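Colleague: Attaching a single structure in structure tokens format; questions to follow.
The values are calculated or read from the model by the stated rules, or taken from the named source; none is laboratory data. Keep in mind that this is a model prediction, so the values were computed, not measured. Methodologically, a virtual Cβ is constructed for each residue, glycine included, from the backbone with ideal geometry; neighbour enumeration extends over all protein chains shown. Remember, those area values only see protein heavy atoms, side chains included, never the ligands or the DNA or RNA. Shrake-Rupley method; radii C 1.70, N 1.55, O 1.52, S 1.80 Å.
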Amino acid sequence: MEKNSNQCAAESAAIPLNMEGESNDGEERDPESISLSQPLLRRNRTLSSSPLAIVGAKVSYIESLDYEINENDLFKHDWRSRSKVQVLQYIFLKWILAFLVGLLTGIIATLINLAVENIAGYKLLAAVSFIEKERYLMGFIHLAGANLLLTTFASVLCVCFAPTAAGPGIPEIKAYLNGVDTPNMFGATTMIVKIIGSIGAVSAGLDLGKEGPLVHIGSCIASLLGQGGPDNHRIKWRWLRYFNNDRDRRDLITCGAASGVCAAFRAPVGGVLFAFEEVATWWRSALLWRTFFSTAIVVVVLRTFIEICNSGGCGLFGKGGLIMFDVSTVTVTYHMMDIIPVVVIGIIGGVLGSLYNFFLHKILRLYNLINQKGKVHKLLLSLSVSLFTSACLYGLPFLVECTPCDSSLAESVCPTNEGSGNFKQFNCPDGHYNDLATLLLATNDDAVRNIFSTNTSAEYHPISLLIFFALYCILGLFTFGIAVPTGLFLPIILMGSAYGRMLGIAMKSYTNIDQGLFAVLGAASLMAGSMRMTVSLCVIFLELTNNLLLLPITMIVLLIAKTVGDSFNPSIYEIILHLKGLPFLDAHPEPWMRNLTVGELADAKLPVVTLRGIETVERIVEVLRNTTHNGFPVIDDGVVPPVGLAVGATEVHGLILRAHLVHVLKKKWFQREKRRTEEWEVREKFTWVELAEREGKIEEVAVTSEEMEMYVDLHPLTNTTPYTVRESMSVAKAMVLFRQLGLRHLLIVPKYAAAGVPPVVGILTRQDLIAYNILNAFPHLTKATSREKGN
């Protein structure tokens, strides 16, 4: 049953809302209206309330996904009748779709990179041309005007056409792969707006990256390929319809997420590990191979385009190669004493990462207050952030002193005002450069490449790095959450690399580690402290920097930073999931869940709605219209039992889904007499592929009064092997089972079979296993939880 609310923010008391968004006292309220001390969603103080979550710009009703195989008669017949050729064809098509996911993700990522590097590069060159003529005001007007125009373009697209394209999209992908159906997250409009919007937002110089949006874009590509295109223009090829189910779509979206990371960082192995460690809940070896195949295709596409662009035909793009921030030119040598600064940088990364998560959580609440006022306020917020960013990027370099160029450097290298490279001249005289302008007046990728640069121990002054770090901390907090596609990876990398380099300067007399490598370690530590990734992050940084000698110290930094961060608060993606109200099932249940049984949960819910094996059409229509449940136990009374059981026993035949009942009503599969149907009758009317789809609503079905008196045999469409648990099982054990098997429904059966005892005492769904919902229904557990934390 899908009627239970989910966690949004457990630190505040819930205010009950009914389905229309009104409070119990009759006063009409906006479902998104909050204060800074209240949850983003108001919840009923019961275990049975409507599942709501913030998806895009509005509160949506969400459902769980059907990852379980529905073993009804149609599925069993289809499985038995499949030939070896059909099985091989199905497997071959999986690999074809994985290939297409990698190919299209690589092409789109290349086009995004090409557009961003050229738009942002030529914009900065035009601003610098005014500076060279000492027309500083015109330079700022040009830079701020271009940034405002690009931000407006990206924000209008997100606000007016696809609100779900705003943000990184990774929390919603995590929720989907965990079993939550997030509406409109993977549509064609969302993907197009995400592509164009990320180009505009990144080119506008905002403190955000294209890495998160690329993960979302790859997932959109995978979803659209799996379902045959957008909802309104689907390709109805028979072979493609085999993939129009939640299980295969989940695998494809996993490939798409891995391909997106690979395209963002050009890290194929890191992309696979990111999907495994961060976004995927369910994993197997066959999926590992297909995901790796998709990322390999992405790398081939990127390499091909870079070879083409090396000739200079792509404008300012194509000089970086596959290794984005190459530090392989420096020899990494370290001794036992170097472990001390490595440990320090890991601790700092964990503390700063948790602080970043804490403040970002507060700012996202503040932004929700602004965004719920309407579209105009969302646009004004985005434009205000853009104008503030432009003023800081352009004005702050005037505050630092010019630095004379090293005499060993050629004049073509220092100073320069080219689109990329260190030692930007900016407002300095000939033979001097502005180190802060080198970092601020550059594209995000160039800024990271500059601050990661090795053998440049005297290039950056501590005061410039401190200004850069403080600025990007502020911009990183206030930019995330505006109505444009945003990514967290690059802002965190820039912040971490700044304090890493500062620590390298402070400890240069005690260690032989290059300052550029300190910047790499700082970026890794802050990402681990905020996002709490380890293995995938380690491999991504090794592929980014092309230096395997960094492996031991990178591993130490990541482990320390994650451990320190975990002691303060959850990862940033978990915080966003809870803020949005998405019912994400964690890998580890709460300790107090061991003291609660699933039978007690069932007692706190409404009674189970059951159907008979041969049911009247009137009863089916009544159930579908008056409930929002998505699964119903099918019960047979008075069956002939096996030897040893009482005569007239009750049989739990299985579980039938709401979508299948709607299919029955749509196809008018009714009969006048109350009887079991033959197998051929079912196959004549339905196919297993049709039942895998979840289209149609009861409101679209018209049933006459004469048809109401007819019967439907539900046996052939019922899943005869649903997962069941005894009512004495602990909630913790049931939650682990539910999550690992990717279930939507879990039947609770009585411990003792006796006359008058219903054969099914309850159904567990995802909403029932969310800790916040359970604590609402069982207030006495809150005190026990507090005591456990105190001990």
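Colleague: Against the definition (among the basic types (K, R), open to solvent by less than 10 Å² (accessible area, probe 1.4 Å) and either in a helix (DSSP H, G or I) or in contact (Cβ under 8 Å) with a residue 60 or more places away in the chain (or both)), how does K123 come out, yes or no? Working first, answer last.
Modeller: On the way: among the basic types (K, R): yes; open to solvent by less than 10 Å² (accessible area, probe 1.4 Å): no; either in a helix (DSSP H, G or I) or in contact (Cβ under 8 Å) with a residue 60 or more places away in the chain (or both): yes.
Here the answer is no, as K123 does not meet what is asked.
Colleague: Residues that are of a type outside the set (F, W, Y), out of contact with any Leu (no Cβ under 6 Å at 6 or more places or on another chain) and either more than 27 Å from M533 (Cα to Cα) or buried (at least 24 other Cβ atoms within 10 Å of the Cβ) (or both): does segment 274-287 have at least one?
Modeller: Yes, the conditions are met somewhere in segment 274-287.
Colleague: For E615, all conditions in the list (1) among the acidic types (D, E); (2) out of contact with any Phe, Trp or Tyr (no Cβ under 8 Å at 6 or more places or on another chain); (3) in contact (Cβ under 8 Å) with a residue 40 or more places away in the chain hold save one; what is the number of the exception?
Modeller: (2)
Colleague: Just checking, how many residues over segment 497-523 are of a type in the set (S, T, Y) and under 17 Å from V539 (Cα atoms)?
Modeller: Of the residues in segment 497-523, the ones of a type in the set (S, T, Y) are 497, 499, 509-511.
Now restrict to residues that are under 17 Å from V539 (Cα atoms): none.
Final tally of qualifying residues: 0.
Colleague: Considering L240, L224, which residue is open to solvent by less than 30 Å² (accessible area, probe 1.4 Å), more than 19 Å from the chain's Cα centre (by Cα) and not aromatic (F, W, Y)?
Modeller: Of L240, L224, the one residue that is open to solvent by less than 30 Å² (accessible area, probe 1.4 Å), more than 19 Å from the chain's Cα centre (by Cα) and not aromatic (F, W, Y) is L240.
Colleague: What is the residue count in segment 129-149 for residues that are of a type in the set (A, V, I, L, M, F, W, C), over 36 Å from the mean Cα position of the chain (by Cα) and open to solvent by 20 Å² or more (accessible area, probe 1.4 Å)? So that I can check it myself, show each step before the final result.
Modeller: At the first step, the residues of segment 129-149 found to be of a type in the set (A, V, I, L, M, F, W, C) are 130-131, 137-138, 140-141, 143-144, 146, 148-149.
Narrowing the set further to residues that are over 36 Å from the mean Cα position of the chain (by Cα) leaves 130-131, 137-138, 140-141.
Within this subset, residues satisfying the condition of being open to solvent by 20 Å² or more (accessible area, probe 1.4 Å) are 130, 137-138, 140-141.
Summing the residues that are of a type in the set (A, V, I, L, M, F, W, C), over 36 Å from the mean Cα position of the chain (by Cα) and open to solvent by 20 Å² or more (accessible area, probe 1.4 Å) in segment 129-149 gives 5.
Colleague: Further, regarding this structure: Could you grab me the full set of residues in segment 655-684 that are over 25 Å from V609 (Cβ atoms) and either in a helix (DSSP H, G or I) or modelled with pLDDT under 85 (or both)?
Modeller: E678, E679, W680, E681, R683, E684
Colleague: Let me ask something else about it. Against the condition touching a residue at least 24 places away in the same chain (Cβ under 8 Å), in contact with a strand residue (DSSP E or B) (Cβ under 7 Å, 6 or more places away or on another chain) and surrounded by 20 or more Cβ atoms within 10 Å (Cβ to Cβ), how does G167 come out, does it pass?
Modeller: No: the conditions fail for G167.
Colleague: For residues in segment 495-535 being outside any helix (DSSP H, G or I) and of a type in the set (K, R), which is least open to solvent (accessible area, probe 1.4 Å)?
Modeller: Checking each candidate, the answer is R532.
Colleague: Pairs under 6 Å by beta carbon, first residue within 13 Å of K174 (Cβ to Cβ) in segment 263-281, partner open to solvent by 20 Å² or more (accessible area, probe 1.4 Å) and in a helix (DSSP H, G or I), six or more apart or different chains?
Modeller: That search, which allows pairs on different chains as well, returns E277/V535.
Colleague: Of all residues in segment 244-258 being under 14 Å from the mean Cα position of the chain (by Cα) and under 20 Å from I108 (Cβ atoms), which is surrounded by the fewest Cβ atoms within 10 Å (Cβ to Cβ)?
Modeller: Applying the filter and picking the extreme gives I253.
Colleague: Would you pick out the residues in segment 434-483 that are in contact with a Pro (Cβ under 8 Å, 6 or more places away or on another chain) and outside any helix (DSSP H, G or I)?
Modeller: N434, L441, F480, A483 - these are the residues of segment 434-483 that are in contact with a Pro (Cβ under 8 Å, 6 or more places away or on another chain) and outside any helix (DSSP H, G or I).
Colleague: Follow-up. Give me the pairs, please: first residue somewhere in segment 531-545 and on the phi > 0 side of the Ramachandran plot, second residue anywhere and buried (at least 21 other Cβ atoms within 10 Å of the Cβ), beta-carbon distance under 8 Å, and either six or more positions apart or on two chains.
Modeller: So the pair list comes out as R532/K562; R532/G565; R532/S571.
Colleague: Exactly one condition in (1) under 27 Å from S386 (Cα atoms); (2) crowded, with 24+ Cβ neighbours inside 10 Å is not met by T189; state its number.
Modeller: Of (1) under 27 Å from S386 (Cα atoms); (2) crowded, with 24+ Cβ neighbours inside 10 Å, only one is false for T189: (2).
Colleague: Which of (1) closer than 30 Å to W289 by Cβ; (2) modelled with pLDDT of 95 or more does L111 not meet, given it meets every other one?
Modeller: (2)
Colleague: Quick one: how many residues across segment 236-282 are of a type in the set (F, W, Y) and within 25 Å of L691 (Cα to Cα)?
Modeller: We begin by selecting, within segment 236-282, every residue of a type in the set (F, W, Y); these are 237, 239, 242-243, 265, 274, 276, 282.
If we keep only those that are within 25 Å of L691 (Cα to Cα) too, we end up with 237, 239, 242-243, 282.
The total comes to 5.
Colleague: Right, next: Determine which member of the set T628, T563 is open to solvent by 60 Å² or more (accessible area, probe 1.4 Å), at pLDDT below 90 and either assigned to a helix (DSSP H, G or I) or touching an Asp or Glu at 6+ places or on another chain (Cβ under 9 Å) (or both). Reasoning before the result, please.
Modeller: Values: T563 fails: at pLDDT below 90.
Result: T628 is the single residue among T628, T563 that is open to solvent by 60 Å² or more (accessible area, probe 1.4 Å), at pLDDT below 90 and either assigned to a helix (DSSP H, G or I) or touching an Asp or Glu at 6+ places or on another chain (Cβ under 9 Å) (or both).
Colleague: Before we move on, is L691 of a type in the set (A, V, I, L, M, F, W, C) and under 29 Å from G599 (Cα atoms)?
Modeller: no
Colleague: May I ask you to verify whether T456 is crowded, with 23+ Cβ neighbours inside 10 Å and out of contact with any helix residue (DSSP H, G or I) (no Cβ under 6 Å at 6 or more places or on another chain)?
Modeller: no
Residues are listed down the side, and each one gets a yes or a no for (1) modelled with pLDDT under 90; (2) of a type in the set (A, V, I, L, M, F, W, C):
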position	(1), (2)
E574	no, no
K580	yes, no
P583	yes, no
W592	yes, yes
T597	no, no
D603	yes, no
P607	yes, no
R612	no, no
R619	no, no
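Colleague: I'd like to verify a number: residues in segment 368-421 that are at pLDDT 85 or above, hydroxyl-bearing (S, T, Y) and open to solvent by 50 Å² or more (accessible area, probe 1.4 Å), how many?
Modeller: Looking only at that region, the number is 1.
Colleague: What single numbered condition from (1) at pLDDT below 90; (2) part of a helix (DSSP H, G or I); (3) surrounded by fewer than 24 Cβ atoms within 10 Å (Cβ to Cβ) fails to hold for E117?
Modeller: All conditions pass for E117, except number (3).
Colleague: Across segment 737-751, what is the number of residues that are under 30 Å from the mean Cα position of the chain (by Cα) and crowded, with 17+ Cβ neighbours inside 10 Å?
Modeller: Matching residues across segment 737-751 total 8.
Colleague: Could you grab me the full set of residues in segment 282-305 that are touching a residue at least 40 places away in the same chain (Cβ under 8 Å) and closer than 17 Å to I173 by Cα?
Modeller: Answer for segment 282-305, where residues must be touching a residue at least 40 places away in the same chain (Cβ under 8 Å) and closer than 17 Å to I173 by Cα: W282, T291.
Colleague: Kindly provide the set of residues from segment 536-560 that are of a type in the set (A, V, I, L, M) and open to solvent by less than 10 Å² (accessible area, probe 1.4 Å), ordered by number.
Modeller: Across segment 536-560, the qualifying residues are L537, I540, L544, L550, I553, V557, L558.
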